[in-house]
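Heads up: the structure comes next, in structure tokens.
The values are calculated or read from the model by the stated rules, or taken from the named source; none is laboratory data. Since the structure is predicted, the reported quantities are computational estimates derived from the model, not experimental observations. No Cβ is skipped: glycine too gets one built from the backbone with ideal geometry, and neighbour counts run over all protein chains shown. For accessibility, only protein heavy atoms count, side chains too; no ligands or nucleic acids. Shrake-Rupley method; radii C 1.70, N 1.55, O 1.52, S 1.80 Å.
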Amino acid sequence: MPADLADVVAEVGREMEAHRGEGRVADYIPALARVDARRFGLAVVTCDGRTAEYGDAWVPFSIQSISKVFTLTLALKRQGEALWTRVGREPSGSRFNSIVQLEAERGVPRNPFINAGAIVVTDVVLDGRGFDAAVADIRDTLRELADAPNLDIDTEVARSEAATGFRNYALANFMRGFDNLKHPVEDVLQTYFNQCALRITCRQLARAGLFLAAEGLDPLSGRRVVSPEHARRINAIMMTCGHYDASGDFAFKVGLPGKSGVGGGILTIVPDQAAIAVWSPGLNDVGNSQVGTLALERLASRMRWSVF
Ligand code: GLU
């Protein structure tokens, strides 16, 4: 008999109680360092509209790099396949904010989920409009997908990122030097910092990602978000590049497309079935949520969810 989702979520959640607080909260963005490391939330939304959640599933946290999934969605809609002339789709094997490959590869980042690649994607989202309009579009897209009209940007986190984002400034200026950014560095980065500073709950995030489990069509609203081809590609990149230089390890342990953020969140897609969001702020050595990864490993295994 297939395992019951609500039972498994409750069981995995209870098991995580003993692990609360493990890992290290990201402190390179000062406003993120203040988050309580003992938080843990888990939410699953299925394509047929069931939900199951545990713990702090309704507590907002900083979306950080998980926003890159949604800006990639917007950029693919705007530019289609031409996007791939400006950003690759290979795992980098390097840290999320590394600059080393960019010189040899002439300013074309390895994939849209390392910071350099995400900054190029944000540049595309800016095409034909100013920074304010691009930020509003990203926020409104999330509001609509998450069914959360009040979802908003934490301006303190955005300011904190801008004040300390020296590496992101370096990456952006370097790529502008290779003519792979079309807009002023300041506009691109302000947009990028704001998208990373969106506050979202596990429940909202799982809801927002559900279209990726259903070939680009939001199964609950019936709205088409992206084409099936683009949804498939976004999932493929989540699978191969969603956890920076630990993407292989996540594929090995969890077996599902996922995207992590330094706020401690992870969005995971179970094709044709569900979207899962987990949040636990303590990160492992490679910058992915330590307890979140463990919870996903157990949940996926007990539900027999895997693309393999
Ligand atoms: N805003 C973060 C940065 O650019 C995102 C990194 C992440 O979540 O991995 O440094």
Rounded to the nearest 10 degrees, the helix 115-126 long axis (Cα) sits at an angle to the longest Cα principal axis of the chain of 70 degrees
Spelling out what I want: for every residue of region 51-65, take phi, set θ = phi - 60°, compute 6.51 cos²θ - 1.76 cosθ + 1.60 (Karplus), and round to whole Hz; glycine and proline get x. 9, 9, 8, 8, x, 7, 5, 10, 9, x, 9, 7, 5, 6, 5
Run the numbers for Thr155 and Tyr28: contour at 0.36 nm per residue of separation, minus the present Cα-Cα distance, in nm. 44.0 nm
Expressed in µm² per second, the diffusion coefficient of the chain from the Stokes-Einstein equation, with Rh the Kirkwood radius over alpha carbon pairs, at 4 °C and 1.567 mPa s, is 69 µm²/s
The size of the Cβ-based charge dipole (Lys, Arg +1; Asp, Glu -1) of the chain about the Cα centre, to the nearest 20 debye, is 220 debye
For region 112-166, what is the accessible area per residue in Å², given a 1.4 Å probe and the full set of protein chains? 38 Å²
Dipole magnitude of region 38-108 about its Cα centre, charges +1 at Lys/Arg Cβ and -1 at Asp/Glu Cβ only, in debye to the nearest 20? 140 debye
For region 213-250 and region 268-291, what is the separation of their Cα centres, given in Å? 14 Å
Positive-end extreme of charge dipole, the chain - chosen from Leu181, Thr85, Ala37 (charges on Cβ): Thr85
May I ask you to give the percent of accessible area on region 218-262 that is carbon plus sulfur, with a probe radius of 1.4 Å? 53 percent
So how much slack lies between Glu297 and Thr51, counting 0.36 nm per residue of separation and subtracting their Cα-Cα distance, in nm? 86.7 nm
To the nearest 10 square angstrom, how much accessible area does Tyr28 have with a 1.4 angstrom probe? 100 Å²
So if I place +1 on the C-beta of Lys and Arg and -1 on the C-beta of Asp and Glu, and nothing else carries charge, what would the dipole magnitude of region 1-42 be about its Cα centre? I want it in debye, nearest 20. 320 debye
Using amide H atoms built in the peptide plane, which far-off residues or other-chain residues are under 5 Å from Phe61 H to H? Ile200, Thr201
Which value in deg cm²/dmol, rounded to the nearest 500, describes the helix-derived mean residue ellipticity at 222 nm for the chain, given -39,500 (n - 2.57) per DSSP H run of n ≥ 4 and division by the residue count? -13500 deg cm²/dmol
Taking placed amide H atoms and a strict 5 Å upper bound, the residues 5 or more places from Leu283 or on another chain that come that close are Arg24, Val25, Ala26, Gln290
Angle between the Cα long axis of helix 155-164 and the longest principal axis of the chain, 0 to 90 degrees, nearest 10? 50 degrees
Suppose a student asked you for the relative contact order of the chain, using Cα pairs under 8 Å spaced at least 6 residues apart; what percent would you report? 28 percent
Please compute the length gained on full extension between Ala82 and His19, using 0.36 nm multiplied by the number of residues separating them and subtracting their Cα-Cα distance. 18.2 nm
